[in-house]
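No value in this document is a laboratory result; all are computed from the given coordinates. Treat the numbers as computed from the prediction; the structure is a model and nothing was measured. Cβ atoms come from the backbone with ideal geometry, glycine included; neighbour counts cover every protein chain shown.
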Amino acid sequence: MGISFQDFEKVDMRVGTVIKAEVNSKAKKPAYKMEIDFGELGIKRSSAQITKFYKPKDLVGKQVIAVVNFPPKIIADFSSEVLVLGVIQGKDEEDIILLEPERKAINGKRIS
């Protein structure tokens, strides 16, 4: 069973730039806490399980794609406001590579 195009249009995906990243030491699974600049939408926070291929210092300045209209989710006392998108590259859920624009994009622009 698929979803309708109207359902897809409800998912608000935007581009943003990571401005801060650090280990989320309280998370059950290895994760990073990030602050991401979404331009006109402001700075949003996310906890992402992307520790296998990325270090916090490598994430700062990187543009990412995220869903910005899910309700916040509490992860180990951290409020994750957006869901950063990636591809599961291997057999493990931790083998994630981030989706990112192929060129520099304006923060906050909608993915279509």
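What residue among Ser79, Ser46, Ser25 shows peak mean-square fluctuation when the chain is described by a Gaussian network model with Cα springs under 10 Å?
Top of the fluctuation ranking is Ser25.
Calculate for the chain the 222 nm mean residue ellipticity that helices alone would give, adding -39,500 (n - 2.57) per DSSP H run of length 4 or more and normalising by residue count, nearest 500 deg cm²/dmol.
Helices in the chain give a 222 nm mean residue ellipticity of -1500 deg cm²/dmol.
Of Gln63, Gln49, Gln89, which has the largest mean-square fluctuation in a 10 Å C-alpha GNM of the chain?
Gln89
How high is the relative contact order of the chain, given as a whole-number percent (alpha carbon pairs under 8 Å, six or more residues apart)?
31 percent
Neighbouring Cβ atoms within 10 Å as the yardstick, rank Met34, Met13 fewest first.
Met13, Met34
Which one of Ala76, Gly2, Val15 is farthest out on the positive end of the charge dipole of the chain, using unit charges on Cβ (Lys, Arg +1; Asp, Glu -1) and the Cα centre as origin?
Towards the positive end, the residue furthest out is Ala76.
Kirkwood Rh, Cα Rg: Rg to Rh for the chain?
0.96
Name the chymotrypsin sites (Phe, Trp or Tyr not before Pro) in region 20-101 that are in a loop by DSSP and that have at most 14 other C-beta atoms within 10 Å, would you?
Passing both the DSSP loop test and the Cβ count: Phe53.
In region 1-91, what trypsin sites (Lys or Arg not before Pro) fall in a loop by DSSP, with at most 10 other Cβ atoms inside 10 Å?
Listed in order of number, the matching sites are Lys10, Lys28, Lys91.
What number comes out for the charge environment of Ile106, summing +1 per Lys or Arg and -1 per Asp or Glu over other residues with Cβ under 13 Å away?
+3
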